[in-house]
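Novice: Provided herewith is a single structure, encoded as C-alpha cells, for subsequent inquiry.
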Amino acid sequence: MPTLGGKILSIFLYMIPWADCLIFGNHLFIKYPFTQIIQIPAIPIIIIERSIPFGSLLLFLAIFIGLVKNNKVSYFLRFNGLQAILINIFVIIMGFIFQIIFSPFGNSLLIRTFSSTLLISLFSIIVYCIWSCSQGNEPNLPGISQATKMQL
C-alpha cells in the first residue's frame, strides 16, 4: 500500500502531461472562460518549466533518472512517473502533428473539434489516473500501462 506522500507525488506527476496538453484548449478557454478553472492544477508545472532554462527537459530528466530508474523508490511511484512521461510524450507528438499537418487549415471548425476532443480525452485520462492514484491503485491504461510495466 503506497504512503500518503507517494499518492500525492503520483498525482503531481500527472500534472506534467496536463500542463502540456492545455494548448489544445486555447479556443475553448476563450469561448467559455469558466473552463479556465481546469488550468489551475497545472500552474506549478508551468511555472517550473518556464522559469528554468530548458525546464521541460530538466524536469523530464529529473523524473526519469531520479525517480523511474531509481530502484530505491517504490514501484508505485516509478510506475506512475513512467506512465506520466509516456502520456506526455504522446501529448508532445500530437502537438507536433497539429503544428505540421493541421496548421495549413488555420482555425477551422475541424481543427477546433479535433483539438477539443483531444483535450477532453486527455482530461479524462488524467482524472482517471489521479482518481486511481488517490485510491492507491495503479492506473490501468490499455497500451500505456503494458509498455510501462515492460520498462520497469
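The values are calculated or read from the model by the stated rules, or taken from the named source; none is laboratory data. Note that this is a predicted model, so its numbers are computed, not measured. All Cβ positions, even for glycine, are placed from backbone atoms using ideal geometry, and neighbour counts span all protein chains on display.
Novice: Counting only residues that are under 26 Å from residue 31 (Cβ atoms), give me the helices (runs of 4 or more DSSP H) lying completely in the range 56-152 with at least 1 of them.
Specialist: 75-100, 109-134
Novice: OK, next. With 2, 17 as the choices, which residue is outside any helix (DSSP H, G or I) and either surrounded by 17 or more Cβ atoms within 10 Å (Cβ to Cβ) or of a type in the set (S, T, N, Q) (or both)?
Specialist: Being outside any helix (DSSP H, G or I) and either surrounded by 17 or more Cβ atoms within 10 Å (Cβ to Cβ) or of a type in the set (S, T, N, Q) (or both) holds for just one of 2, 17, which is 2.
Novice: Let me ask something additional. Which numbered condition trips up residue 96, out of (1) loosely packed, with under 11 Cβ neighbours inside 10 Å; (2) modelled with pLDDT of 95 or more; (3) not β-branched (Val, Ile, Thr)?
Specialist: (2)
Novice: I've got another one for you. Restricting the first residue to the range 52-65 and requiring it to be on the phi > 0 side of the Ramachandran plot, which pairs with a second residue that is surrounded by 16 or more Cβ atoms within 10 Å (Cβ to Cβ) and not aliphatic (A, V, I, L, M) meet a Cβ separation below 8 Å and a spacing of at least six or different chains?
Specialist: none
Novice: Here's another thing I want to ask about it. Please go through the range 121-147 and give me each residue that is in contact (Cβ under 8 Å) with a residue 60 or more places away in the chain, closer than 16 Å to residue 6 by Cβ and of a type in the set (Ser, Thr, Tyr), ordered by number.
Specialist: 134
Novice: So which of 107, 71 is polar (S, T, N, Q), in contact (Cβ under 8 Å) with a residue 12 or more places away in the chain and exposed (fewer than 13 other Cβ atoms within 10 Å of the Cβ)?
Specialist: None of the other options fit; the residue is 107.
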